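Written out below as structure tokens is the structure these notes cover.
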Amino acid sequence: MKLCMIGTGYVGLVSGVCFSDMGNNVICVDKDERKINNLKKGIVPIYEPGLDELVKKNLKNKRLSFSSDLNKSIKKSDIIFICVGTPTKKNSSAADLTYVFNVAKSISRKIKKFKIIITKSTVPVTTGDEIEKIISKNLSKKLFEVVSNPEFLREGEAIRDFMYPDRIVVGTKSNKARNKIKNLYSPLISKGSKYIETSRRSAELIKYAANAFLATKITFINEISNLCEKIDVDVEDVSIGIGSDKRVGERFLRAGPAYGGSCFPKDTKAIVSTSDKFKTNLSVIKSVIKSNENRNSLLLSKIYSILKNKIKNKKITFLGVTFKANTDDMRDSSSLKLIPALSNKGAIINYYDPTGYKRIFSKYKNVTYSSSINEAINKSDLIIIHTEWNDFKSIDFKKYSKSKKLIIYDLRNLYSRSKINNMGIKYYGIGR
Ligand code: UDX
């Protein structure tokens, strides 16, 4: 099939490349010409394991192309995916749909024959209805169908999550659209993915409810970990003990720092904003947002007590600063709260991250990037393991403990307390 992906961020680029790898002809469109010119040369602007290779492979076999010409790209395509950003509005918790509605307007002026228009961006419930209204101002309803087909891609695992989805959700009442989209996804359905056809609004809500539930699950285990620390219980045992119940499920029960990223913080706020608009109180999700926002100050007070409130001139090393492993994304990362607060208290901070230097920290005093784990650890009093990169899972801390009393604060519980203590190093974990 001939597809047009509008927006080449995580969603549009990964989905477009994967659709092309499934045998479709895909044009990825973006108004950022510099980005498009780089993509034409196979230069990928986002850190996503495996994406470079897939882009190059499908550019070579001519199934994938990049363009800034929306008009021409729409003309050549049967299905148009809206994959533009829906960030949180300034001073509000609602999603900003400006880009989505602008794309809908420009599409409506370019369509000459029947097209399926799919929102893959995460959009609040009823957005599909709005898009339909905007397009029908310039176009007869016979010439288009607006469908919701949300993505469930995790950064760092996006290609795997696209190619082996637990489920594909398609929201439309139109049989014509349903048949075409089911055909598009048939290679994934035949590999065993569940295929769910529902109304457009349900599909829109499923996306938000999924992310809000995952954020709730993480916040739940994070709060249980706070209790575990008070009663000498290991939260990892609790995660296994409850997760083995199929009704609970083992995944997303790893206690850690506050959740971050480009989705959970944004989507939990957006679903609450939708519920406020429809006069329903999503009190559980509201408390999840609050609990997660408080988590960073809770971790900070723990760091202060580990250092016996003597922060000034203390050398603190952060291993990892992105919001999680296998991504270079810093959005809503815990480190954006922890590092500035410690720097303001006079700490001398080194950080190492496998994805390299982060300009965002350049404005803080005494925060420097070390280009290796060894260099970062060498001078430190306290090592904070912030993300769960494989690079951090088998560090020989012993060789650093000869020169001085070392302390490790393991925010991802990568190590066992007893092993580290046997090296003569003080160990603090999360929920243990
Ligand atoms: C999430 C959803 O998983 C994905 O389905 C949706 O499409 C986009 O949002 P992403 O934000 O990329 O994906 O990352 P994810 O792996 O879900 O982690 C989100 C946050 O939760 C991170 O801060 C991560 O560190 C944290 N997390 C995740 C935990 O603290 N514990 C866990 O067990 C899992």
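The values are calculated or read from the model by the stated rules, or taken from the named source; none is laboratory data. The structure displayed is predicted, hence computed values, not measured ones. Backbone-built Cβ (ideal geometry, glycine too); neighbour counts: all protein chains shown.
Look at LYS314 and say whether it is of a type in the set (D, E, K, R), buried (at least 16 other Cβ atoms within 10 Å of the Cβ) and away from the ligand (no atom under 14 Å from the Cβ). Against the criterion (of a type in the set (D, E, K, R), buried (at least 16 other Cβ atoms within 10 Å of the Cβ) and away from the ligand (no atom under 14 Å from the Cβ)), LYS314 qualifies.
The residues listed here are ILE285, ILE311, ILE271; of these, the one that is at pLDDT 95 or above and farther than 26 Å from ALA210 by Cα is ILE311. Residues considered: ASP328, ASP245. Of these, the only one that is touching a residue at least 60 places away in the same chain (Cβ under 8 Å) and not basic (Lys, Arg) is ASP328.
For every residue, the table says whether it meets (1) away from the ligand (no atom under 12 Å from the Cβ); (2) closer than 21 Å to ILE271 by Cα; (3) surrounded by fewer than 19 Cβ atoms within 10 Å (Cβ to Cβ).
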residue	(1), (2), (3)
PRO165	no, no, no
SER225	no, no, no
ASP234	yes, no, yes
PHE252	no, yes, yes
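Remark: ILE189 falls outside the filter, which requires a residue to be hydrophobic (A, V, I, L, M, F, W, C), outside any loop (DSSP other than H, G, I, E, B), assigned by TED's automatic domain parsing to the domain that holds LEU54 and in contact (Cβ under 8 Å) with a residue 60 or more places away in the chain.
Given the options ILE6, ILE82, ILE74, name the one that is surrounded by 21 or more Cβ atoms within 10 Å (Cβ to Cβ), over 25 Å from SER262 (Cβ atoms), out of contact with any Pro (no Cβ under 7 Å at 6 or more places or on another chain) and among the aliphatic types (A, V, I, L, M).
Going through ILE6, ILE82, ILE74 in turn, the sole match is ILE74.
Scanning the stretch 192-223 for residues that are assigned to a loop (DSSP other than H, G, I, E, B) and more than 16 Å from the ligand (Cβ to nearest atom) yields GLY192, SER199. When the stretch 127-163 is filtered for residues that are surrounded by fewer than 21 Cβ atoms within 10 Å (Cβ to Cβ), part of a helix (DSSP H, G or I) and away from the ligand (no atom under 14 Å from the Cβ), the ones remaining, listed by number, are ASP129, GLU130, GLU132, LYS133, ILE134, SER136, LYS141, LYS142, LEU143, MET163. The strands (runs of 3 or more DSSP E) found wholly in the stretch 332-432 and carrying at least 2 residues that are assigned by TED's automatic domain parsing to the domain that holds ILE303 and buried (at least 21 other Cβ atoms within 10 Å of the Cβ) occupy 348-352, 382-385, 407-410. Scan the stretch 248-277 for residues that are over 13 Å from the mean Cα position of the chain (by Cα) and not in a helix (DSSP H, G or I) and the total you get is 11. Residues that are over 28 Å from ASN326 (Cβ atoms) and part of a helix (DSSP H, G or I) were ranked within the stretch 278-298; the one that is farthest from the ligand (Cβ to nearest atom) is SER283. Mind checking which pairs have a first residue in the stretch 337-353 that is more than 14 Å from THR322 (Cβ to Cβ) and a second that is of a type in the set (Phe, Trp, Tyr) and at pLDDT below 95, Cβ under 6 Å, 6 or more apart or different chains? Final answer for the pair search is PRO340/TYR364; SER343/TYR364.
Checked against the criterion of being within 19 Å of the chain's Cα centre (by Cα) and within 15 Å of the ligand (Cβ to nearest atom), the stretch 368-386 contains one or more residues that satisfy it. The residues on offer are LYS173, LYS120, LYS142, LYS137, and the sole one that is farther than 26 Å from ARG331 by Cβ, out of contact with any Lys or Arg (no Cβ under 9 Å at 6 or more places or on another chain) and in contact (Cβ under 8 Å) with a residue 24 or more places away in the chain is LYS142. Residue check: ILE231 meets all listed conditions (1) within 25 Å of the chain's Cα centre (by Cα); (2) more than 29 Å from PHE323 (Cβ to Cβ); (3) without any contact (Cβ under 8 Å) to a residue 60 or more places away in the chain but one, namely (1).
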